[in-house]
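*Asks:* Pasting in a structure now, in structure tokens, and then I'll have a few things to ask.
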Amino acid sequence: MATSTALSRARIVDATVALLDAEGESGLTFRALAARLRTGPGAIYWHVANKDELLAAAADAVLAGAMTDNTGKAAPEEAIRALAEAVFDAIDAHPWIGTQLPRVSSQPTTLGIFERIGRQVQALGVPAKEQFTAASALLNYILGVAGQNAANARAQEPGTSRTDVLAAASARLDPQRYPFVHTVAGQLREHDDRDQFLAGVDLVLAGIGARRA
């Protein structure tokens, strides 16, 4: 059996991500993690204090892997889209992150995403007094929608389509009280979450461009 000296925080976090992907949050226990790492729970406590710290570290690690710095390699809009796409795909591949985002809002990786967005906002020529608002709007949209998509995926019954469920639910609503929902019901069934997410990024960028103009 390995000892605590054979472990590192990085190894523990990697194993935590793998366990969360396989079993979800309910399957993450120090006993299960210790078995995966072939060590004892006490050795893990040497590196992390509790489950909340493990979850936050695991989410932070996945988001860190999604970060790319395209400064100088692409137009600002393209760099923001690429970063947004990478973050969305990372959270989509690890849906448990959706519930962890509030815990990592002040973590270095989240601040790193904000930094990369902010650099591109500056490159867009946004006035200094509006840069914080513009970068914050992009960050909140990217993490918020990606997180909501992950939460929706986790709540969906296996073998069912979330878009079909939404479309069926909208069809049961009173068209007098929900005329808009009935109007877009067909789009609910046909839309792709990822495409819709990226279209939303474009809308935010268009709004920033309009303000700049």
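The values are calculated or read from the model by the stated rules, or taken from the named source; none is laboratory data. On a predicted model such as this, the values are computed, not experimentally measured, just so you know. So basically every Cβ, Gly included, is an ideal-geometry build from the backbone, and we count neighbours across all protein chains shown.
*Asks:* Output the residue which, of all residues in segment 76-134 that are under 15 Å from the mean Cα position of the chain (by Cα) and not in a helix (DSSP H, G or I), is surrounded by the fewest Cβ atoms within 10 Å (Cβ to Cβ).
*Replies:* Ranking the qualifying residues of segment 76-134, first place goes to Ser106.
*Asks:* Let me ask something else. With the requirement that a residue be surrounded by 13 or more Cβ atoms within 10 Å (Cβ to Cβ) and under 14 Å from Gln131 (Cα atoms), what does segment 194-211 give you?
*Replies:* Val204, Leu205, Ile208, Gly209 - these are the residues of segment 194-211 that are surrounded by 13 or more Cβ atoms within 10 Å (Cβ to Cβ) and under 14 Å from Gln131 (Cα atoms).
*Asks:* What single numbered condition from (1) charged (D, E, K, R); (2) modelled with pLDDT of 70 or more; (3) outside any helix (DSSP H, G or I) fails to hold for Asp195?
*Replies:* (3)
Here's the yes/no breakdown for (1) buried (at least 17 other Cβ atoms within 10 Å of the Cβ); (2) on the phi > 0 side of the Ramachandran plot; (3) modelled with pLDDT under 90:
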| site | (1), (2), (3) |
| --- | --- |
| Thr5 | no, no, yes |
| Arg9 | no, no, no |
| Asp14 | no, no, no |
| Thr29 | no, no, no |
| Leu54 | yes, no, no |
| Ala58 | yes, no, no |
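*Asks:* Give me a count of the residues in segment 31-42 that are part of a helix (DSSP H, G or I) and modelled with pLDDT of 90 or more.
*Replies:* 7
*Asks:* Right, here's the next one. For the subset of segment 75-128 comprising residues that are over 18 Å from Gly209 (Cα atoms) and acidic (Asp, Glu), which member is modelled with the lowest pLDDT?
*Replies:* Across segment 75-128, the extreme among qualifying residues is Asp92.
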